[in-house]
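Working notes, beginning with the structure itself.
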Amino acid sequence: MVAESVRTAYVRVMGKKNILICGAGIAGPALAYWLREGGFAVTIVERAPEPRPGGQTVDLRGAGRTVIERMGLMDRARAESVDQRGLALVDASGRVTARLPADSFGGEGIVSEIEILRGDLARLLYEATLPDTEYLFDDTVTGIDQDADAVTVTFEKAAPRRFGLVIGADGPHSVVRSLAFGPERDFVHPIGLHTAWFTAFDGLDLDGWFLMHNAPGGLVASARPGRLPGEIKAGFSFRSPPLAYDRRDTAAQQELLARHFAHVGWEAPRLLRSMRTAPDFFLDSMGQVRLDSWSRGRVALLGDAGYCATPLTGLGTSLALVGAYVLAGELAAAGGDHGIAFRRYDTVLRPYVRQAQQLPPGGAAGYAPSGRLGIRLRDLSMRSMTRWPMRNLLAAQFAKAGDIALPEYPLAADHESGFRRGPANV
Ligand SMILES: Cc1cc2nc3c(=O)[nH]c(=O)nc-3n(C[C@H](O)[C@H](O)[C@H](O)COP(=O)(O)OP(=O)(O)OC[C@H]3O[C@@H](n4cnc5c(N)ncnc54)[C@H](O)[C@@H]3O)c2cc1C
């Protein structure tokens, strides 16, 4: 039971409508950036003690890249991007069986022209929201109670507070979604793949290539160059229905991964040894998030929490950045009327999301074939990707990133379009 003094607490901060965002990954800080530009006061609650490092490189492509340009962050993103020569498939002995150079699709292929480490992008966006965004790290939302005027939010650690709106940007296992929309099983559709990412420092020389090894049993091990000398970003995927494991027990998850890859060759044993001391080990079951509506009253979902497409599409970052821009823009354009803004957010964004959620041909089985024949076919198709008809198929997949006409909104700092209006009338 929330105290009456909290229920009647002021919902405006210095005359601005206040908005709580849950999750400081990619989508959360991007939204905070644009909301501030739209004249809102923003608080972000994040379960991790600081912006989460980790992950491999993510691609800045299409409309996602345009949003970064409009934020005026492109120079910094370029400065922090990781130079990669392309993707190469290797067999168990390390022999290259197929190569796809980065420039073969004009910088818009599997490895895009601007590849930035996910952790670097999250930090860059976080820094862009300082100093006027309030962060509550090492905390989470435990309760959401809406009434006609506002949402009362209870936290694990902080005292309860009232907010005008609450946005769930807390990833595919969103707690905001569970509290306001219903249980995860109603919205998350597993694609039958688990993926782990971690940073390894062990001197493995990749010569600038993103190396990937497919092994029988639907297993994929990969290593990409990091930004720092000697830094390797390792990725391991295995096919399996969702498994029950403790999300907080890293050692148990590492054991699980080591068991799956116990007999895999190439550099997998070496990378798995480094895994034990990795500072940023992360394992998750891959699933697409689908909802008929991304809002319930004063609560809305953004990024992976609302429409995770899975890393197989290469479009998750674009969806998060574009979603943040559209949501903030519609709120500013509607003068803070969330009913109108959330409807428009859905109308503008849904066709883009629908496209992005179509998995590449073969889905998880195409990425992680289980038999030797499937692996040979994958090599073959990778070798022919720069030629017709594979070239057109792949180009169509990545062209989806640009498949939205970004509206112009009354957001003060639209650096690219030179848009400059006053804050929204809230
Ligand atoms: C550690 C990590 C590594 C990743 N690596 C890759 C990668 O290599 N390649 C790739 O394509 N995609 C990767 N992803 C996913 C990718 O970041 C997203 O698909 C995409 O960028 C959309 O971003 P998002 O902000 O919606 O979700 P995320 O980037 O997942 O951000 C969600 C944020 O919410 C926080 N959070 C979760 N639950 C709670 C809670 N209950 N309370 C408060 N905060 C919460 C998380 O700690 C996280 O900071 C990774 C995600 C994470 C978290």
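The values are calculated or read from the model by the stated rules, or taken from the named source; none is laboratory data. Owing to the predicted nature of the structure, the values given are computational and were not obtained by experimental measurement. Because the Cβ atoms are built from the backbone with ideal geometry, glycine has one as well, and the counts that use them run over all protein chains shown. When the accessible area is computed, the model is the full protein with side chains, heavy atoms only, and any ligands, DNA or RNA have been set aside. Shrake-Rupley method; radii C 1.70, N 1.55, O 1.52, S 1.80 Å.
The residues on offer are 332, 365, and the sole one that is touching a residue at least 60 places away in the same chain (Cβ under 8 Å), open to solvent by 10 Å² or more (accessible area, probe 1.4 Å) and under 26 Å from the mean Cα position of the chain (by Cα) is 365.
Evaluate the stretch 295-305: report whether one residue or more is on the phi > 0 side of the Ramachandran plot and surrounded by fewer than 21 Cβ atoms within 10 Å (Cβ to Cβ). Yes - at least one qualifying residue is present in the stretch 295-305. In the set 75, 170, 91, only one residue is within 30 Å of residue 313 (Cβ to Cβ) and buried (at least 18 other Cβ atoms within 10 Å of the Cβ); that residue is 170. Tallying residues that are touching a helix residue (DSSP H, G or I) at 6+ places or on another chain (Cβ under 8 Å), open to solvent by less than 10 Å² (accessible area, probe 1.4 Å) and assigned to a strand (DSSP E or B) within the stretch 216-241 yields 8. Taken over the stretch 131-161, the criterion of being open to solvent by less than 20 Å² (accessible area, probe 1.4 Å) and more than 9 Å from the ligand (Cβ to nearest atom) is satisfied by 133, 143, 150, 151, 152, 153, 155.
In the set (1) open to solvent by less than 20 Å² (accessible area, probe 1.4 Å); (2) closer than 23 Å to residue 174 by Cα, the condition left unmet by residue 268 is number (2). Selection over the stretch 300-314 of residues that are of a type in the set (A, V, I, L, M), assigned to a loop (DSSP other than H, G, I, E, B) and more than 7 Å from the ligand (Cβ to nearest atom) gives a count of 1. Cβ separations smaller than 7 Å between residues 6+ apart or across chains give the following pairs from the stretch 55-76 residues that are on the phi > 0 side of the Ramachandran plot to residues that are at pLDDT below 90 and open to solvent by 20 Å² or more (accessible area, probe 1.4 Å): 62/402; 72/415. Being within 16 Å of the ligand (Cβ to nearest atom) and touching a helix residue (DSSP H, G or I) at 6+ places or on another chain (Cβ under 6 Å): is that true of residue 177 here? Yes, satisfied.
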